[in-house]
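Have a look at the structure below before the remarks.
The values are calculated or read from the model by the stated rules, or taken from the named source; none is laboratory data. This structure is a prediction, so every number in the text was calculated from the model and none was measured. No Cβ is skipped: glycine too gets one built from the backbone with ideal geometry, and neighbour counts run over all protein chains shown. Heavy atoms of the whole protein, side chains included, go into the accessibility calculation; ligands, DNA and RNA do not. Shrake-Rupley method; radii C 1.70, N 1.55, O 1.52, S 1.80 Å.
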Amino acid sequence: MTLRPRPKSAALHRVVALLQPPQSTFTLACASAVFGDHGPAIPARYAFEVCTEHPGPVPTLDGYDMLVTTGLDALERADTVLVAGWQQPPGTPVSPAVVAAVRRAHERGSRVVSLCSGAFVLAAAGLLDGRRAATHWARAAELAARFPRVGVDPAVLYVDHGDVATSAGSAAGVDLSLHLVSADQGAAYAMRIARQMVMPPHREGCQLQYAELPTSGPVTDSLAPLLEWLSGRLDQPVSVADMAHRSQVSPRTLTRRFTEQLGVSPGRWLLDRRIAATRALLEETDLPVETIARKVGLSSAVNLRRRFHDALRTTPAAYRRAFRAESAG
């Protein structure tokens with residue numbers, strides 16, 4: 001992950017969502033739920049608006065129109081351009097005006113983000129050439145065939161290159177959006193938004209666990225009860241053997257389940273949660289590193305610093321300077 005320290009300016013980060021008929025209202029809602037207004041409980045750091053190529057009524061997939069009064073010129077003032085899906089039949093060309101507007105925004109320095117099938121628009125603009133990209137698993141093969149220079153990854157929930165980011169199916173747009181907020185504003189701020197949305201700030205696994213399978217078979221036992229148990233015990237030493245005993249399976253079976261369902265080992269998952277807790281404590285408190293290490297189960301300041309640097313390529317002190325939560329926030 002590339003850390004993006006918050007700008008000193010109080011100016012809001014402007015996110016402009018590009019809508020295209022027929023628009024998926026759910027994909028749009030995934031973005032607005034993260035970048036939109038959260039009320040007085042969470043200080044505003046983003047301004048969210050929508051635009052479309054031809055201002056006026058925009059048909060949706062849900063049988064009603066949305067009135068969008070702003071055209072493509074809105075992309076010229078965007079800090080982040082967000083393409084909220086692409087619902088056209090296979091082979092349909094992307095509008096040249098849309099391609100040109102997205103390309104100009106990127107050249108000007110805007111971050112360009114696609115949710116779900118919106119990756120087709122980014123690919124048409126040439127922004128994904130020679131890069132990994134995500135899209136909905138059902139359209140991954142189509143994207144790869146149509147744009148052979150794009151390294152389509154059908155498994156991941158999202159891919160972030162810094163200037164360009166893509167997400168998998170619609171709900172993965174929330175995962176990517178929260179990831180971008182965390183990179184922009186810090187883990188604690190992203191966690192507040194996620195908590196208000198009643199969802200985890202980081203979802204484990206990959207989108208292939210949701211894809212239609214060609215064969216049927218037994219469903220792997222869910223790890224959810226164990227993950228919830230572990231999340232409440234980050235300050236305690238927990239071994240793979242302890243996890244396996246809790247789940248009443250062998251360590252080998254548990255490791256296989258973690259790999260299949262989450263794509264990581266049990267130890268890696270637990271360490272990632274401890275690093276996430278460390279980030280939040282560095283941002284929201286003045287606790288010394290030694291105290292934080294004990295709270296997140298990393299035993300000592302030396303161990304925390306080593307693990308933190310391995311994960312984020314920075315030190316706890318440098319991270320705290322860059323992302324320290326403002327007292328008002």
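Tabulated data for the structure shown
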item	result
Segment 62-87 - residue that is part of a loop (DSSP other than H, G, I, E, B) and within 24 Å of the chain's Cα centre (by Cα) and, of those, farthest from Val15 (Cα to Cα)	Gln87
Of the criteria (1) open to solvent by less than 40 Å² (accessible area, probe 1.4 Å); (2) at pLDDT 95 or above, which one Ile42 fails	(2)
Residues being free of Cβ contacts under 8 Å to residues at least 40 places away in the same chain, polar (S, T, N, Q) and in a strand (DSSP E or B) - total across segment 23-61	2
From the options Pro218, Pro214, residue that is open to solvent by 100 Å² or more (accessible area, probe 1.4 Å), in a loop (DSSP other than H, G, I, E, B) and either at pLDDT 90 or above or farther than 30 Å from Thr166 by Cα (or both)	Pro218
Selection within segment 276-310 - farther than 20 Å from Val238 by Cβ, open to solvent by less than 30 Å² (accessible area, probe 1.4 Å) and free of Cβ contacts under 8 Å to residues at least 40 places away in the same chain	Val289, Ala301
Which listed residue, of Arg273, Arg313, is within 21 Å of Val156 (Cβ to Cβ), modelled with pLDDT under 90 and loosely packed, with under 15 Cβ neighbours inside 10 Å	Arg313
Residue in segment 240-260 that is touching a residue at least 40 places away in the same chain (Cβ under 8 Å), farther than 13 Å from Pro316 by Cβ and surrounded by 15 or more Cβ atoms within 10 Å (Cβ to Cβ) present	no
Any hit, segment 57-66, residues being of a type in the set (Gly, Ala, Ser) and more than 30 Å from Gly263 (Cα to Cα)	yes
